[in-house]
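Read-outs throughout are calculated quantities, based only on the coordinates presented, and are distinct from any laboratory measurement. Note that this is a predicted model, so its numbers are computed, not measured. In this analysis, Cβ positions are derived from the backbone assuming ideal geometry, glycine residues included, and neighbour counts consider all displayed protein chains.
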Amino acid sequence: MEGYSFELITGPMSCGKTEELLRRIRRCIIAKKKVKVISPDVDTRTKGDYIESRSGLWLDAIKVKHSMNILNVVKPDDEVIAIDELQFFDANIVKVITKLMNEGKKIIGTGLELDFKAEPFGSMPELMCIATRVDKLQAVCMKCGCEHATRTQRLIDGKPADKNSPLIMIGGDETYEARCVKCYELPDAQHDKMKSRLRVLPFSFK
Ligand SMILES: [Zn+2]
């Protein structure tokens with residue numbers, strides 16, 4: 001049976017998640033399934049009503065702000081629901097996907113598993129638990145060139161961003177790159193500031 005399934009494609013930035021999603025959607029279209037494509041309406045993206053892979057492939061998508069609204073967008077005759085960037089949806093996304101699965105839909109989703117601090121992103125842990133299939137893709141490390149990048153490095157002005165920078169930056173000139181565990185850096189500016197402050201204090205334990 002096609003329905004009652006939730007395939008989750010995850011991994012760091014630039015690992016080909018959206019490209020893999022588009023590949024699976026194309027197969028569903030060839031199989032003459034009724035497919036609906038949904039992506040989160042996030043302020044940080046200037047993209048229009050479509051999803052696009054880094055290799056330039058794209059498909060029309062409906063932008064949704066709150067996960068509960070997905071239930072209004074999905075029609076009874078939709079057979080396959082594709083959802084891009086699941087990490088940006090609010091916590092209700094877990095309930096919404098469970099409901100769609102119980103209705104016999106096939107859901108295919110993508111999401112960043114870790115944020116720039118290498119901490120689980122949004123509802124991704126729960127989504128990975130309820131998924132009927134999880135594929136973890138790896139990217140090429142932008143620093144050493146190995147093929148096992150699992151983390152997303154945030155750079156501000158070309159330098160690794162410290163852990164106190166906000167989770168979602170709006171209008172900043174930050175960039176992201178995939179890195180392996182060995183090359184990933186997470187500076188703690190606050191901590192370093194504290195340390196240097198301590199160094200100048202006239203401590204004496206004599
Ligand atoms: Zn590396």
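Helix-only estimate, please: 222 nm mean residue ellipticity of the chain, summing -39500 (n - 2.57) across DSSP H runs of length 4 or more and dividing by its residues, to the nearest 500.
That comes out to -6500 deg cm²/dmol.
Can you tell me which of Leu186, Leu21, Leu112 moves the most in a GNM of the chain? Springs connect C-alpha atoms under 10 Å apart.
It is Leu186.
Using all C-alpha to C-alpha distances in the chain, build P(r) with 5 Å bins and read off the rounded percent in each one.
1, 7, 14, 18, 18, 14, 9, 7, 4, 3, 2, 2, 1, 1, 0, 0, 0
Of the options Ile9, His148, Tyr176, report the single residue whose Cα projects farthest towards the positive end of the charge dipole of the chain (beta-carbon charges: Lys, Arg +1; Asp, Glu -1).
Positive-most Cα among the choices belongs to His148.
I want the antiparallel fraction of DSSP beta bridges within segment 5-137, as a percent rounded to 5.
Just about 15 percent of them are antiparallel.
Going down the table (Lys63/Lys143; Lys106/Lys136; Lys34/Lys95; Lys159/Lys182; Lys63/Lys159), which pairs top 26 Å between alpha carbons?
In this structure, Lys63/Lys143; Lys63/Lys159 exceed 26 Å between Cα atoms.
Where the only charges are on Cβ atoms (+1 Lys, Arg; -1 Asp, Glu), what is the dipole of the chain about its Cα centre, to the nearest 20 debye?
My answer is approximately 400 debye.
Taking N as the number of residues in segment 34-146, what value does Rg over Cα atoms divided by 2.2 N^0.38 Å take?
Cα Rg divided by the expected 2.2 N^0.38 Å: 1.10.
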